[in-house]
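Engineer: Next up is a structure, given as structure tokens.
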């Protein structure tokens with residue numbers, strides 16, 4: 001695993017946590033003789049109702065990485081244009097519930113791929129090879145806003161990634177493989193207003209579990225309409241997985257989506 005992505009994830013989380021924990025400056029002393037109110041102004045009351053957010057999106061991610069089997073390392077790199085050619089369908093979206101300073105979000109990305117080709121091990125017409133793959137990335141996280149009106153949220157969650165493959169060669173029985181990893185992650189998020197309608201959101205997480213280390217960052221620009229938003233950004237998800245099949249791979253690419261609140 002390269003040092004740059006690891007350092008980027010740690011730095012982003014550190015910036016979020018440092019900003020969240022920063023103590024505001026003390027107010028200036030009150031001059032003698034100044035009239036003091038009997039009670040300090042109270043923050044606005046918190047909304048006791050659940051508020052919901054649904055954000056369907058497209059993640060135009062390419063795949064790059066290395067896998068080591070029996071001391072032999074192979075590198076692979078698949079751009080999004082190649083993935084798009086074999087794409088059956090993709091379902092991606094985030095569902096979030098928010099109440100007061102607490103939020104719970106569920107993010108799912110499901111991708112189904114298939115490829116039909118001919119294998120030619122020798123002279124002759126060859127034989128048919130059909131391959132199918134399904135990738136599921138699912139993350140459930142809880143976030144706490146450090147103060148009413150603050151842009152900073154911190155929390156924790158769990159991410160589950162599953163890859164299923166099926167390969168059929170001519171009339172032979174199919175070859176099936178199903179690999180999954182589950183990791184606990186520390187999560188940070190911040191949303192800053194840039195103007196009356198523009199916002200910038202930064203999300204980052206990092207953790208471990210079945211994998212040796214995994215991290216993710218996503219930066220998104222959002223534009224407000226009446227009751228909903230359009231967003232565009234960039235997302236990176238990295239895995240470092242040890243064991244008998246040592247693997248290191250990265251999914252990264254641009255994101256485009258909408259954000260509905262109700």
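The values are calculated or read from the model by the stated rules, or taken from the named source; none is laboratory data. All figures in this text were calculated on a predicted structure; none of them were measured in a lab. FYI the Cβ positions are ideal-geometry reconstructions off the backbone, even for glycines, and counts take in every protein chain you see.
Engineer: So the check is Cβ under 6 Å with 6+ separation or different chains; which pairs have a first residue in segment 92-110 that's on the phi > 0 side of the Ramachandran plot and without any contact (Cβ under 8 Å) to a residue 60 or more places away in the chain and a second one that's surrounded by fewer than 15 Cβ atoms within 10 Å (Cβ to Cβ) and not in a strand (DSSP E or B)?
Structural biologist: Once the first residue is on the phi > 0 side of the Ramachandran plot and without any contact (Cβ under 8 Å) to a residue 60 or more places away in the chain and sits in segment 92-110, its partners that are surrounded by fewer than 15 Cβ atoms within 10 Å (Cβ to Cβ) and not in a strand (DSSP E or B) give 100/46.
Engineer: Moving to a separate point now. Considering 38, 20, which residue is assigned to a helix (DSSP H, G or I) and at pLDDT below 65?
Structural biologist: Numbers: 38 fails: assigned to a helix (DSSP H, G or I).
Unique residue meeting the criteria: 20.
Condition check ((1) at pLDDT below 95; (2) surrounded by fewer than 17 Cβ atoms within 10 Å (Cβ to Cβ)) across all residues:
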residue	(1), (2)
216	no, no
243	yes, yes
255	no, no
258	no, yes
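Engineer: Check segment 120-134 and report whether any residue there is crowded, with 16+ Cβ neighbours inside 10 Å and either outside any strand (DSSP E or B) or at pLDDT 95 or above (or both).
Structural biologist: Just the residues of segment 120-134 that are crowded, with 16+ Cβ neighbours inside 10 Å, to begin with: 131-134.
Cutting the leftovers down to either outside any strand (DSSP E or B) or at pLDDT 95 or above (or both) gives us none.
Within segment 120-134, not a single residue is crowded, with 16+ Cβ neighbours inside 10 Å and either outside any strand (DSSP E or B) or at pLDDT 95 or above (or both).
Engineer: A further question on this structure: For segment 55-114, name all the residues that are over 23 Å from residue 258 (Cβ atoms) and buried (at least 18 other Cβ atoms within 10 Å of the Cβ).
Structural biologist: 65, 113
Engineer: Which of the residues spanning segment 138-169 are modelled with pLDDT under 95 and either assigned to a strand (DSSP E or B) or in contact with a strand residue (DSSP E or B) (Cβ under 7 Å, 6 or more places away or on another chain) (or both)?
Structural biologist: Across segment 138-169, the qualifying residues are 161, 162, 163, 164, 165, 166, 167, 168, 169.
Engineer: For residues in segment 170-208 being modelled with pLDDT under 95 and in a strand (DSSP E or B), which is surrounded by the most Cβ atoms within 10 Å (Cβ to Cβ)?
Structural biologist: Looking at residues that are modelled with pLDDT under 95 and in a strand (DSSP E or B), I get 181.
Engineer: Another one. From the list 239, 234, pick out the single residue that is under 24 Å from residue 63 (Cα atoms), in contact (Cβ under 8 Å) with a residue 60 or more places away in the chain and in a strand (DSSP E or B). Give the derivation first.
Structural biologist: On the way: 234 fails: in contact (Cβ under 8 Å) with a residue 60 or more places away in the chain.
Answer to the selection: 239.
Engineer: With respect to residue 216, is the statement that it is assigned to a strand (DSSP E or B), touching a residue at least 40 places away in the same chain (Cβ under 8 Å) and out of contact with any helix residue (DSSP H, G or I) (no Cβ under 7 Å at 6 or more places or on another chain) true? Lay out the reasoning, then the answer.
Structural biologist: Numbers: assigned to a strand (DSSP E or B): yes; touching a residue at least 40 places away in the same chain (Cβ under 8 Å): yes; out of contact with any helix residue (DSSP H, G or I) (no Cβ under 7 Å at 6 or more places or on another chain): yes.
Criteria met by residue 216.
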